[in-house]
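Working notes for the structure below.
Only the coordinates and a few stated rules stand behind these numbers; no lab work does. Nothing here was measured: the structure is a model prediction, and the numbers come from that model. Neighbour counts run over all protein chains shown; Cβ positions are idealised from the backbone, glycine included.
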Amino acid sequence: MQLALTILVDGLSYASWLFIVALGLTLVFGVLKILNIAHGSFYALGAYMAASAVALATDWNLPPYFSLLAMLLAAVMLAALVAPLTERGLLRFFYGRDEVLLVLVTYALFLMLEDITKLIWGANPYYVSEPYGLFGNIDIGSQSYVGYDLLLVVLAGLVGGLVWWGLNRTRFGKIVTAVIHSPEIAASMGIKVSRVYMVAFAIGLFLAALGGAFTAPMISVQPGVSVGVIIISFAVVIIGGLGSIEGAAIGALIVGMARAMAVHLMPVAELFSVYVVMALVLMFRPEGLFQRIQARKI
Amino acid sequence: MNFPARRSWRHCAVLLALGLMGSVGHTQETFKIGIVSFLSGQAAESFGIPAVNGAKVLIEAFNKGQAPAPYNKPGIGGLPIEAMYVDEAGGATKQVQELRNLYEREKVDVVVGYVGSGDCLAVAPVAEELKKFLILYDCGTPRIFEDNSFRYVFRTAAHATMDNVALARYLKARKVPVKTFNLINQDYAWGQDSRKDFILSMANLYPEAKPSVDQLPKFGAGQYGTEISALMSKPADLTHSSLWGGDLQAFILQAGPRGLFKKSQVVLSAGDHVLPGLGQKMPDGTILGARGAYGLMAPPSPLNTWWWDTYSKAYNVYPVQAPYRMAQALMGLKLAAEKAMAQNNGKKPSTEMLAASLRGSEWMSPAGKIRMALSNGQQAIQDAAIGRTKWSEQKKMVMLEDIQRFDAECVNPPLNVKSEDWLKSGFAGAKCK
């Protein structure tokens with residue numbers, strides 16, 4: 001019973017972090033049809049921006065809880081600055097082209113952003129672990145968890161709920177859905193598709209940056225943090241179905257739980273467990289759990 | 001009116017031509033070294049860039065003749081050292097191509113490089129095939145020289161077996177009680193080898209101790225919450241790890257607040273390099289090694305003091321294991337090359353002469369004596385050191401206390417014995433004081 005509870009909490013905690021990042025990835029794919037490899041770089045940039053923002057807040061002697069706001073603002077700032085530059089300045093020139101070309105473009109962007117990050121912040125690690133201790137420890141069964149880890153569960157729920165509400169209960173959400181179904185018809189109805197693309201991309205980028213920002217206190221922020229996250233995020237969205245929010249949530253939960261079970265019960269199969277689940281899903285649902293089979297447009 | 005102008009134009013042309021000829025005539029011969037290490041990616045911050053920084057500051061001191069004796073001759077035997085720096089990131093296939101470029105296109109005399117064991121295993125046969133001089137300065141796998149025989153490839157640092165033997169010997173010497181131990185190591189060659197070496201070493205020194213939780217997270221995992229839960233669910237007397245770099249930092253930042261370091265004695269086989277960055281976040285009482293007697297555990301000597309001060313002044317942080325290993329490689333190369341040059345009437349030596357000079361040699365480094373004692377004189381052994389962390393409020397840095405140094409012959413296998421066989425034999429032939 002204790003083991004089951006530990007697996008549940010560990011899996012949920014890992015899935016929450018994963019969901020925040022994967023949600024942005026799936027949103028960008030759903031709207032713009034871009035498999036955005038640079039999403040990992042935006043995650044890393046979010047972590048670096050948050051590290052700088054928290055350091056600034058500490059220098060200004062702001063109250064400790066302000067560091068959480070600083071991290072949020074860092075992600076917002078990054079999205080506001082980088083999204084228009086990337087989407088308007090680069091990606092829009094490739095819309096309508098082969099998806100493979102877009103993957104290559106975002107991969108090139110990923111490599112450039114890696115070096116740009118290093119140029120700005122250097123290669124030395126940044127530590128911003130102060131927010132990590134803000135919520136103390138919480139005992140669940142025989143385990144003592146850091147409160148901050150559980151905050152991520154709340155944050156993931158909040159973010160997922162907000163994005164779902166935005167897409168399903170607002171006028172803008174209806175417009176986005178229309179663009180997803182057919183950009184041409186949406187444009188003929190007077191919708192500024194380019195604006196929808198930019199806003200959707202900015203939200204996706206914000207989610208990546210948010211994931212990075214709220215991970216920063218748990219890690220040392222340094223070159224290379226972008227690589228691992230993008231691979232596992234792809235696994236999540238492939239399991240859930242590319243472009244599906246519910247799919248990203250379920251995919252993250254499946255990956256989180258599979259990984260937690262493997263780590264506790266068969267540690268050598270940790271990595272294997274994630275990809276065997278992915279392979280099984282693809283065998284029976286090649287389009288992912290929550291993606292409907294679509295007729296190809298000719 | 002035109003004549004003087006034309007004459008001055010001709011004068012200028014003649015002067016320019018003479019200048020160019022002069023500059024060509026005076027192009028000084030250099031000793032060209034290709035230095036390969038991680039300048040990007042996950043190993044850059046902990047290993048690649050500190051090592052390259054170490055190379056830069058040391059080569060500058062060599063060229064100016066400012067290093068202490070016996071390294072005080074300018075450059076290498078009077079030839080200025082010209083260094084080229086290459087990024088090790090990109091995988092073994094890329095490194096093989098880069099190595100060929102360095103030798104064939106850039107015409108370097110020597111390549112000093114490689115942190116990744118996979119890269120070392122890939123490039124060593126290529127250098128040998130080309131009959132070019134190669135020093136592996138960092139990578140840890142014993143397989144390079146235990147499974148192969150080379151003439152032009154050297155490793156100027158001890159291989160990784162030493163790290164875990166020294167850890168186990170330290171625990172025994174300090175009478176640390178161990179009935180059970182947990183492990184967390186990365187799931188690739190380095191982590192797997194370290195795990196195996198530690199288990200075999202413990203079987204020799206603590207036959208009653210049993211391994212319990214055995215975690216193998218992937219390289220670059222970053223998130224260790226689940227692994228920490230697994231380690232805490234069956235807390236052992238000891239928790240061993242060979243994690244390094246960002247993975248180790250993340251593990252410490254996440255495991256510290258959850259109380260792992262209080263519930264279990266944590267031992268880190270290669271943990272010294274995270275101390276300057278982590279500062280007070282590093283839990284007191286952690287036992288760790290540096291893959292040699294490096295940094296805070298280096299034996300006191302004028303050479304070490306000079307090296308420590310030179311590096312600290314240049315980079316505002318003290319040198320940890322990576323720059324030490326680079327320094328000992330370049331110092332060994334300098335002495336070997338100067339010896340070979342002396343035998344070659346002061347001229348730059350051939351690869352064959354250089355190899356003969358380094359083979360089986362020994363020299364003093366900031367970390368003590370380095371001896372090319374294994375694998376027909378191609379593989380170094382060196383002393384190891386282990387210590388225990390303690391935050392110093394006075395110095396505002398993590399210090400290491402209870403430091404114990406182990407002679408090279410005590411923690412390295414003897415000549416012609418494979419590491420694993422030596423561990424399984426119960427350290428047969430080890431010479432410990």
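Test of the criteria: in the stretch B:326-427, which GluC sites (Glu not before Pro) are in a DSSP loop and have at most 10 other Cβ atoms within 10 angstrom of their Cβ?
On the way: sites: B:GLU338, B:GLU352, B:GLU362, B:GLU393, B:GLU401, B:GLU409, B:GLU420; in loops: B:GLU393.
Those satisfying the criteria are B:GLU393.
Would you calculate, for chain A, the mean residue ellipticity at 222 nm contributed by helices, counting each DSSP H stretch of 4 or more residues as -39,500 (n - 2.57) and dividing by all residues, to the nearest 500? Mind dumping the intermediate values first?
Values: 11 runs with 213 residues, N = 298.
Theoretical 222 nm ellipticity from helices: -24500 deg cm²/dmol.
Which pairs break 30 Å Cα to Cα here: B:LYS210/B:LYS369; B:LYS347/B:LYS431; B:LYS172/B:LYS262; B:LYS179/B:LYS424; B:LYS196/B:LYS234?
Pairs exceeding 30 Å: B:LYS210/B:LYS369; B:LYS347/B:LYS431.
Between B:GLN379 and residues 5 or more places away or on another chain, which pairs have amide H atoms under 5 Å apart, with H built 1.01 Å from N, and which residues are they?
Hits under the 5 Å cutoff: B:ARG155, B:ALA373, B:LEU374.
By count of other Cβ within 10 Å, fewest leading, how are A:THR170, B:THR351 ordered?
On the way: A:THR170 11, B:THR351 19.
Ranked by crowding around the Cβ, least crowded first: A:THR170, B:THR351.
Given the options A:LEU78, A:TYR48, A:ALA187, identify the residue whose Cα lies farthest towards the positive end of the charge dipole of the stretch A:23-222 (+1 on Cβ of Lys, Arg; -1 on Cβ of Asp, Glu).
A:ALA187
Please identify the trypsin sites (Lys or Arg not before Pro) of the stretch B:130-231 that satisfy two criteria: DSSP loop assignment and at most 12 other Cβ atoms within 10 Å. Which are they? Walk me through the numbers on the way to the answer.
Numbers: sites: B:LYS131, B:LYS132, B:ARG143, B:ARG151, B:ARG155, B:ARG169, B:LYS172, B:ARG174, B:LYS175, B:LYS179, B:ARG195, B:LYS196, B:LYS218; in loops: B:LYS131, B:LYS132, B:ARG151, B:ARG174, B:LYS175, B:LYS179, B:LYS218.
Counting only loop positions with at most 12 other Cβ atoms within 10 Å, the trypsin sites (Lys or Arg not before Pro) in the stretch B:130-231 are B:ARG174, B:LYS175, B:LYS179.
So what's the gap between the Cα centers of the stretch B:85-134 and the stretch B:209-262, to the nearest angstrom?
Comparing the Cα centres of the stretch B:85-134 and the stretch B:209-262, I get a distance of 34 Å.
What's the angle, to the nearest 10 degrees (0 to 90), between helix B:302-315's Cα axis and the longest principal axis of chain B?
So the inclination is approximately 80 degrees.
Please get the size of the charge dipole for the protein assembly as shown, origin at its Cα centre, with Cβ charges of +1 on Lys and Arg and -1 on Asp and Glu, quoted in debye to the nearest 20.
Values: 64 positive and 53 negative charges, 203 e Å.
Its charge dipole is roughly 980 debye.
Taking θ = phi - 60°, what integer Hz values does the Karplus form 6.51 cos²θ - 1.76 cosθ + 1.60 yield along the stretch B:373-383, in sequence order, with x for Gly and Pro?
Once rounded to whole Hz, the list reads 9, 10, 6, 6, x, 9, 10, 7, 10, 7, 6.
Between B:VAL111, B:VAL52, B:VAL417, where does the largest GNM mean-square fluctuation fall for chain B, given springs only between Cα atoms within less than 10 Å?
B:VAL417
Could you state the principal axis extents of the C-alpha atoms in the stretch B:246-341, from the largest down, to the nearest angstrom?
For the stretch B:246-341, the Cα extents along the three principal axes come out at 58, 24, 24 Å.
For the stretch B:41-56 and the stretch B:410-433, what is the separation of their Cα centres, given in Å?
Between the Cα centre of the stretch B:41-56 and that of the stretch B:410-433, the gap is 31 Å.
To the nearest 20 Debye, how big is the dipole of the stretch A:129-275 about its Cα centre, given +1 on the beta carbon of each Lys and Arg and -1 on that of each Asp and Glu?
Numbers: 6 positive and 6 negative charges, 129 e Å.
For the stretch A:129-275, the charge dipole is close to 620 debye.
List the residues whose amide H sits under 5 Å from the amide H of B:VAL86, counting only those 5 or more places along or on another chain, with H placed 1.01 Å from N in the peptide plane.
Residues meeting the amide H criterion: B:ILE35, B:VAL36, B:SER37.
With a ≥ b ≥ c the root eigenvalues of the C-alpha gyration tensor of the stretch A:23-222, is it rounded (a/c under 1.5), prolate (a/b larger than b/c) or oblate?
Values: a/c = 2.29, a/b = 1.57, b/c = 1.46.
Note, shape of the stretch A:23-222 comes out prolate.
Chymotrypsin sites (Phe, Trp or Tyr not before Pro), restricted to the stretch A:31-71: which are DSSP loop and have at most 15 other Cβ atoms within 10 Å? Intermediate values should be presented prior to the final figure.
Details: sites: A:PHE42, A:TYR43, A:TYR48, A:TRP60, A:TYR65, A:PHE66; in loops: A:TRP60, A:TYR65.
Passing both the DSSP loop test and the Cβ count: A:TRP60, A:TYR65.
Sum -39500 (n - 2.57) across every DSSP H segment of at least 4 residues in chain B, then divide by the residue count to get the 222 nm mean residue ellipticity, nearest 500.
Working: 16 runs with 180 residues, N = 433.
So the calculated ellipticity at 222 nm is -12500 deg cm²/dmol.
In whole Hz, what ³J(HN,Hα) sequence does the stretch B:62-68 give by Karplus (6.51, -1.76, 1.60; θ = phi - 60°), x for Gly and Pro?
The phi angles translate into 4, 4, 8, x, 9, 7, x Hz.
Among B:ALA168, B:ALA430, B:VAL111, which residue has its Cα positioned farthest towards the positive end of the charge dipole of chain B, with +1 placed on the Cβ of Lys and Arg, -1 on the Cβ of Asp and Glu, and the dipole taken about the Cα centre?
Going by the Cα projections, it comes out as B:VAL111.
What list of ³J(HN,Hα) values in whole Hz, one per residue of the stretch A:149-158 in order, does the Karplus curve 6.51 cos²θ - 1.76 cosθ + 1.60 (θ = phi - 60°) give from phi, with Gly and Pro shown as x?
Couplings: 4, 6, 4, 4, 5, 5, 4, 5, x, 5 Hz.
Can you list residues from other chains, or at least 5 along the same chain, whose modelled amide H is less than 5 Å from the amide H of B:VAL266?
For B:VAL266, whose amide H was placed from the backbone, the distant partners under 5 Å are B:THR239, B:ILE287.
Compute the Kirkwood hydrodynamic radius of the protein assembly as shown, taking the inverse of the mean of 1/r over all pairs of distinct Cα atoms, and give it in Å to one decimal.
Working: mean 1/r = 0.0359 Å⁻¹.
Answer for the protein assembly as shown: a Kirkwood hydrodynamic radius of 27.8 Å.
Can you give me the pair-distance distribution of chain B, C-alpha pairs, 20 Å bins, whole percents?
26, 53, 16, 4, 1, 0
Determine the dipole magnitude for the stretch A:23-222: charges of +1 sit on the beta-carbon of Lys and Arg, -1 on that of Asp and Glu, nothing else is charged, the reference point is the Cα centre, and the result goes in debye to the nearest 20.
Details: 10 positive and 10 negative charges, 169 e Å.
In debye, rounded to 20, the stretch A:23-222 gives about 800.
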